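Peer 1: Could you have a look at this structure, given as structure tokens, before my questions?
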Amino acid sequence: MSPHVLILGGTTEARELAAALTALPGIRVTTSLAGRVKRPGTVTGDVRIGGFGGVEGLANWLREERVDALVDATHPFAASITANAARAAATTGVPAVVLRRPGWRPGPEDRWHSVPSLDAAADLLPSLGRRVFLTTGRLGLAAFAHLTDLHFVVRSVEPPEPPLPPRTEVLLARGPFTVADETALLSGHCVDVLVTKDSGGEATAAKLTAARHLALPVVVVRRPPLPEDVVAVPDVAGVLERLGLSPR
């Protein structure tokens, strides 16, 4: 029987991993997507949509579908999914690995303010600027809804969920974006402070370079910690090595 790998997906790295695994002979690959994005990127292999129903539901799925390895390649801020995956893997004895792109690191010319949460970012904003480019995703904007005196430019692939700050301009767009794109956006909207999560990776880093060039302050929300005893690998090659599936 072909080895069955379940990928908890939704990221670029998850799609890259699915492509790498399906290119190997005799590997069955299933990618699970939460279903929050209506038009996800193309994924090779089998795809399932929707949640599992917590730790017990995921553990049952791993048993019923005879999963041989579990890869958590969700967003670095999907803390509850990562915790559930770790517990389900431990319960069933299925080998598991977490795929996480490395986080960003500030350079000497960056004006970064590191905070632990969206609420902390909202508390800090009034002291940094009045026109905010908010790139923390379409969920969680309620943390900023009370900031009635600030103007927000919010970029999202799909319309953000309310409540939103009263003075909000929504830009619907899908990256990647170039440094020139981001510089034009920041300048054109007279942005004086950027808020982002430490998602890491090159695909969304151009806004940080643009902010550096324009000498803008950046509020960076730190990643939640991984569950105890869970170690992440930074790339697809690392996952294949951990699973013993590296191409020969």
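The values are calculated or read from the model by the stated rules, or taken from the named source; none is laboratory data. Values in this document were obtained by computation on a predicted structure and should not be read as measured data. When we count neighbours, we look across all protein chains shown, and the Cβ atoms used for this are built from the backbone with ideal geometry, even at glycine. Quick note on the areas: whole protein, heavy atoms, side chains included, nothing else; ligands and nucleic acids left out. Shrake-Rupley method; radii C 1.70, N 1.55, O 1.52, S 1.80 Å.
Peer 1: Using only Cα atoms, figure out Rg for the stretch 121-182 and give it as a multiple of 2.2 N^0.38 Å.
Peer 2: 1.11
Peer 1: When the Karplus curve 6.51 cos²θ - 1.76 cosθ + 1.60 is applied with θ = phi - 60°, which whole-Hz ³J(HN,Hα) does each residue of the stretch 224-241 get, with x for Gly and Pro?
Peer 2: Taking θ as phi minus 60°, the curve returns x, x, 6, x, 4, 6, 9, 10, 9, 10, x, 7, 4, 4, x, 5, 4, 5 Hz for the stretch 224-241.
Peer 1: Here is a follow-up. Can you give the calculated 222 nm mean residue ellipticity of the chain, where each DSSP H run of n ≥ 4 adds -39,500 (n - 2.57) and the sum is split over every residue, rounded to the nearest 500 deg cm²/dmol?
Peer 2: It comes out at -8000 deg cm²/dmol, rounded to the nearest 500.
Peer 1: Here is a further query. Taking amide H positions as placed 1.01 Å from N in the peptide plane, with prolines and chain starts having none, which residues 5 or more places from residue 34, or on another chain, fall under 5 Å of its amide H?
Peer 2: Hits under the 5 Å cutoff: 50.
Peer 1: Once Rh is set to the Kirkwood radius over Cα pairs, what Stokes-Einstein translational diffusion coefficient, in µm²/s, holds for the stretch 1-96 at a temperature of 37 °C and a viscosity of 0.692 mPa s?
Peer 2: Calculated translational D: 247 µm²/s.
Peer 1: Sticking with this one: What list of ³J(HN,Hα) values in whole Hz, one per residue of the stretch 120-127 in order, does the Karplus curve 6.51 cos²θ - 1.76 cosθ + 1.60 (θ = phi - 60°) give from phi, with Gly and Pro shown as x?
Peer 2: Listing the rounded values in order: 5, 4, 4, 5, 7, 3, x, 8 Hz.
Peer 1: Quick check for me: using +1 on Lys/Arg Cβ and -1 on Asp/Glu Cβ, what's the dipole size of the chain about its Cα centre, in debye to the nearest 20?
Peer 2: Approximately 280 debye in magnitude.
Peer 1: Here's something else I'd like to know. Which Cα, out of 209, 132, 170, lies furthest along the positive dipole direction of the chain (beta carbon charges, K/R +1, D/E -1)?
Peer 2: With unit charges placed on the Cβ atoms, the residue in question is 170.
Peer 1: Tell me, what % of the accessible area of the stretch 147-248 is carbon and sulfur with a 1.4 angstrom probe?
Peer 2: 56
Peer 1: Local charge sum around residue 86 (other residues, Cβ-Cβ under 12 Å, Lys/Arg +1, Asp/Glu -1)?
Peer 2: Result for the local shell: -2.
Peer 1: Would you list 151, 213 from the most to the least accessible area, probe 1.4 Å?
Peer 2: In descending accessible area the options line up as 213, 151.
Peer 1: If you don't mind, there's one more thing I want to ask. Using modelled amide H (1.01 Å from N, peptide plane; none on Pro or chain starts), what sits under 5 Å from the amide H of residue 78, excluding residues fewer than 5 places away?
Peer 2: So residue 78 has HN proximity to no qualifying residue.
Peer 1: Measuring with a 1.4 Å probe in the full set of protein chains, what accessible area per residue, in whole Å², belongs to the chain?
Peer 2: Ligands and nucleic acids excluded, the result is 50 Å² per residue.
Peer 1: What does the net charge come to around residue 153 if you take all other residues with beta carbon closer than 13 Å to its beta carbon, with K and R at +1 and D and E at -1?
Peer 2: Charge balance near residue 153 sits at +2.
Peer 1: Per Stokes-Einstein, at 37 °C and 0.692 mPa s, what whole-number D in µm² s⁻¹ belongs to the stretch 102-152, with the Kirkwood radius over Cα pairs as the hydrodynamic radius?
Peer 2: Using the Kirkwood radius from Cα pairs, D works out to 267 µm²/s.
Peer 1: Mind listing the Cα extents of the chain along all three principal axes, in Å, largest one first?
Peer 2: 60, 36, 33
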